[in-house]
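The values are calculated or read from the model by the stated rules, or taken from the named source; none is laboratory data. All values derive from a computational prediction rather than experimental measurement. Quick reminder, even Gly has a Cβ in these numbers, built from the backbone with ideal geometry, and neighbours come from all protein chains shown.
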Amino acid sequence: MLAEASKLTAESDLQTVLAAWNTATVRLERTHETLRAEVRRLTDELEVKNRELARKNRLADLGQMAAHVAHEVRNNLVPVTLYLSLLRRRIAGDRECEDVLEKIEAGFSALDGMVNDLLQFTSDRDPQWRTFSLRKLAGEVLGSLAPQLAAQGIQAVNAMGAEETVTADRDMLRRAMLNLALNALDAMPEGGTLAFRASRGHGRVELQIADTGPGLSEEAQRRAFEPFYTTKPGGTGLGLAIVYRIAEAHGGQVLAANAPSGGAVFTLVLPDRAHLTREAAP
């Protein structure tokens, strides 16, 4: 009897040891998987941060070069513009010469526009904060585009709430909204709808500029905000890069996507500074 009892006790102890070993092994495997998942997450996060750092370094170098080129070009444009003005007086009444001069002036206007884009892109000033009406700002942007909207048969929709406000740099935000609107107009040469909308929540303000054009390819969604990337003939590829810089200066971001119903949607996401101020108050 004693032998059998000892045997049962030994078997019971062995089962206990094996069960404990199995439990420890399962826990170790789970811990290992958890650690592997965390390592993968941190590795992916580090890769994203490294890409962003490399992008910022490239932009910094590019900004210095672009600023220098833009200033040099602008300095040389001033006398050329003056000479063109004098030449127009000399050939007044000669229709053929005036037609040629108009083409030359159009080329210089395009060049001046590119210089302005370069200077805007390289601008690194801090936002001048103020609170203002989004609906009124959207109305100004759409008003400035009224002739082009009418010429292309585009319906403009200002769906910004009457009481919707934002605290931001008004001039910078106007520039961003104008660039996004112009991008939408380029996508709808045969007409469509351009809509401005806004929403607020979770400590941020979202401004949406949507069109009913053909939408964005996967590459365009991925590279939309890269400097000098463009799908438009004759485009500078700086319009959306400027929007990106403006969003970044405000501590926000800009996103490019396609709407479920068709067309492209650009969303400018800005921190709700009024919300942050209320939360910080005692």
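Quick look at the numbers
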| quantity | calculated |
| --- | --- |
| Filtered residue count, the range 182-199, keeping only those that are in a strand (DSSP E or B) and among the polar types (S, T, N, Q) | 2 |
| Test: THR267 is surrounded by fewer than 20 Cβ atoms within 10 Å (Cβ to Cβ) and at pLDDT below 85 | no |
| Lone qualifier among ILE209, ILE242 - being modelled with pLDDT of 95 or more, of a type in the set (A, V, I, L, M) and buried (at least 19 other Cβ atoms within 10 Å of the Cβ) | ILE209 |
| Condition met for ARG74 (outside any helix (DSSP H, G or I), among the basic types (Lys, Arg) and either out of contact with any Cys (no Cβ under 9 Å at 6 or more places or on another chain) or modelled with pLDDT of 85 or more (or both)) | no |
| Top-ranked residue of the range 224-239 - restricted to ones that are buried (at least 16 other Cβ atoms within 10 Å of the Cβ) and under 12 Å from the mean Cα position of the chain (by Cα), ranked as farthest from LEU142 (Cα to Cα) | PRO227 |
| Given (1) modelled with pLDDT of 75 or more; (2) surrounded by fewer than 10 Cβ atoms within 10 Å (Cβ to Cβ), index of the condition ARG27 fails | (2) |
